[in-house]
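Structure first, commentary second.
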Amino acid sequence: MSFEFRTLCGAETSRPPHRIAGMLMPVGAALSLLPWTPPWAALLGGTVLALTLGNPCAGAASRAAKWLLQAAVVGLGAGVNLTVVARVGGQGLGYTLVGLVTTFALGAWLARRLGVGAKVAALICAGTGICGGSAIAAAAPAIEAQPEETSASLAVVFLLNGIALLVFPPLGTWLGLDAHQFGLWCALAIHDTSSVTGAALTHGRDALVIATTVKLARALWIVPVALALGAWFRRPAGSTAPHRGLPVPWFIAGFVALSAAFTFAPGLQPLAGPVGAIARALLTLTLFLIGSGLSRSVLRTIGIRPLVFALLLWIAIGGASLAAITAHWIH
C-alpha cells in the first residue's frame, strides 16, 4: 500500500479488512458519480462498506463530504427558475408558510416526546417540509450537523421516498383524486423531487406538470429555512432569540446567485442541465462518503427513533395536505 494512502487513511489500513475497504472506497466513489446511480444506493453502499469492513479513511471522507455537500447545494441552484418560483410560490405563499410552520411545530413536539436529537429533528423537518435530501443537504452545514446526524436524516427520508413511490399511485386512484389533485398532493407530501415526478407520472402529464412546478416553487424555501435554522442553532446559550448579525453561509449565497444567473441570463440556459447533473452527482458521492462514516456504535446511539419520528411526521403532514386538497382549501 502506498505511502500516500497510509498518510491519508492512517496506519490501520495494514489490517486485512481495512486493506480491502481501502481498495473498495475509490471504486464506490467512482460508481456514485455515474448518472444512473440513485442517491439511496450510494448511501446504502457506503453504510454497508463501513459496517462490514470498516472505513480506514473515515476522517478524510468526513472532511471531503462537508465541502462536497456545500458545493452540490450551490450547483442545485442551476435548476431553480426564479421566475417560475415567484409565480407559483406567490400563488401558494399562504399555505406554504402554514405548511412549514406546522411541520416544524409538530416536529418539535414529536421530537421532545420521542427523545430525538434537535438537529436530527430539524433536518427531517426540513426534508419533510421542503424537498427531501436537497433541503437536508442545505440545512446540515448551516446548523453544523454531525455526519451521523445528516446520515440518519437522509436515510429515513430516502426510505420514505421509496415507500411513497409504491403507495401514492394506488392510493390516489382509490381516493378518486383527479390529475391536478394528485399532482399537488405528490408535491406537498412526498419528500424528494425525483420521487415526486415518479409518482405523479403514473397519473398522466397534467399531474406531472402540476407536481414538478409546485415542487420547484417550494425548493427555494431551502434558503430562508436553512438561514433560519442556522440562526436558531447559533443563538446564545439559554436564549430563545437568534444570534444577531448571522452571516449568510457561502453555499446558500451561491445557490441563490446561480439560480439568478440561470434565470436572467438566457445564454446560460443550455448549461442548466449539465450543471444540475454535476451537482446531483456530487450529492450522490457525498451520500456515499457520509454512509461510509457510520459505525455500529453510531447506529446504536441514533437508534430507531428518527425513523419513527420521520414516519409519524410524514403521515401527519401528508394526511393534512390531502384533507386540505380534497376540501379545496389548497388548489
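The values are calculated or read from the model by the stated rules, or taken from the named source; none is laboratory data. Bear in mind that the values here come from a model prediction, so they are computed numbers and not experimental data. Cβ sites come from the backbone with ideal geometry, for glycine too, and all protein chains shown count toward neighbours.
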Can you tell which of ALA211, ALA189, ALA200, ALA179 is surrounded by fewer than 19 Cβ atoms within 10 Å (Cβ to Cβ), in contact with a helix residue (DSSP H, G or I) (Cβ under 6 Å, 6 or more places away or on another chain) and not acidic (Asp, Glu)? ALA179
Inside region 147-179, the number of residues satisfying the requirement of being closer than 14 Å to PHE288 by Cα and in contact with an Asp or Glu (Cβ under 8 Å, 6 or more places away or on another chain) is 1
For the structure I just gave you, tell me whether TRP40 is modelled with pLDDT under 75 and either surrounded by fewer than 21 Cβ atoms within 10 Å (Cβ to Cβ) or under 20 Å from the mean Cα position of the chain (by Cα) (or both). yes
Consider region 103-128. How many of its residues are without any contact (Cβ under 8 Å) to a residue 12 or more places away in the chain and either of a type in the set (Phe, Trp, Tyr) or buried (at least 24 other Cβ atoms within 10 Å of the Cβ) (or both)? 1
If you check every pair at least six apart or on different chains, which have Cβ atoms under 8 Å apart with a residue in region 152-179 that is farther than 25 Å from GLY303 by Cα first and a residue that is part of a loop (DSSP other than H, G, I, E, B) and among the small types (Gly, Ala, Ser) second? ALA179/GLY204
Result of the Cβ filter at 7 Å on region 188-211, keeping first residues that are farther than 18 Å from SER153 by Cβ and partners that are in a helix (DSSP H, G or I) and among the aromatic types (Phe, Trp, Tyr), at least 6 apart or interchain, is ALA199/PHE168; ALA200/PHE182; HIS203/PHE182; ALA207/PHE182
So, in region 160-176, of the ones that are within 15 Å of the chain's Cα centre (by Cα) and crowded, with 16+ Cβ neighbours inside 10 Å, which residue ends up farthest from ILE210 (Cα to Cα)? LEU160
State which residue is surrounded by the most Cβ atoms within 10 Å (Cβ to Cβ) when the search covers only region 51-71 and only residues that are at pLDDT below 80 and among the small types (Gly, Ala, Ser). ALA61
If you scan region 281-320, which residues turn out to be at pLDDT below 85 and surrounded by fewer than 18 Cβ atoms within 10 Å (Cβ to Cβ)? SER295, ARG296, SER297, VAL298, LEU299, ARG300, THR301, GLY303, ILE304
